[in-house]
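Here's the structure we're looking at; comments come further down.
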Amino acid sequence: MTGITVNGTGYLGGYTRVQPKRFEDLSPEKQARVLSYRAEQAAKISAYLQKSAAIERQAAADARGHEVWNRRAPNVSTLTREQALDQIDFMSELIQSGEADKLPLVAARGTQTTSNYRQYVSWVQQHLKELEGAGQSTLAQA
């Protein structure tokens, strides 16, 4: 055997290359361990691929936009005069077109909540009367 010197330190010995064995030449116990290891690795790869596919599907869904489950409206008590008028027009159009029947509404006036479009429009109309009765103008709200 020959000595090897690395950075001033001597090493004796060498490496013997071992020829790989064929699977058929392994003992039944080693074959079982190899098959078990391969099955574990295949399961890990499968789980990784499934997770990757789920991430890709989610990314595609995010790119398209999510399915809408309800329609949200701003709290009536926070609306300015112009916003109140816009909400009345918008909600009235949804009611008349039949779109209001397709999605439930999530709306509030202060701490009261409703899922009824007509109730929301009524609240907005009352709020608008209160704003006009208080003499608030568009400039005062800004």
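Quick note: the coordinates plus some simple rules give every number you see, no bench work behind them. Quick caveat, the model's predicted, so the values are computed rather than measured. All Cβ positions, glycine included, derive from the backbone under ideal geometry; neighbour counts span all protein chains shown.
Pull up the stretch 61-94, narrow it to residues that are among the β-branched types (Val, Ile, Thr) and in a loop (DSSP other than H, G, I, E, B), then point me to the one that is surrounded by the fewest Cβ atoms within 10 Å (Cβ to Cβ). Full working, then the answer.
Let us first name the residues in the stretch 61-94 that are among the β-branched types (Val, Ile, Thr), namely 68, 76, 78, 80, 88.
Then keep just the ones that are in a loop (DSSP other than H, G, I, E, B); that gives 68, 80.
On the way: Val68: 9, Thr80: 15.
Among those residues, the one meeting the criterion is Val68.
Quick check: anything in the stretch 95-104 without any contact (Cβ under 8 Å) to a residue 24 or more places away in the chain and loosely packed, with under 10 Cβ neighbours inside 10 Å? Yes, some residue in the stretch 95-104 is without any contact (Cβ under 8 Å) to a residue 24 or more places away in the chain and loosely packed, with under 10 Cβ neighbours inside 10 Å. Suppose the filter is under 29 Å from the mean Cα position of the chain (by Cα) and of a type in the set (A, V, I, L, M); does Ala54 pass it? It is true that Ala54 is under 29 Å from the mean Cα position of the chain (by Cα) and of a type in the set (A, V, I, L, M).
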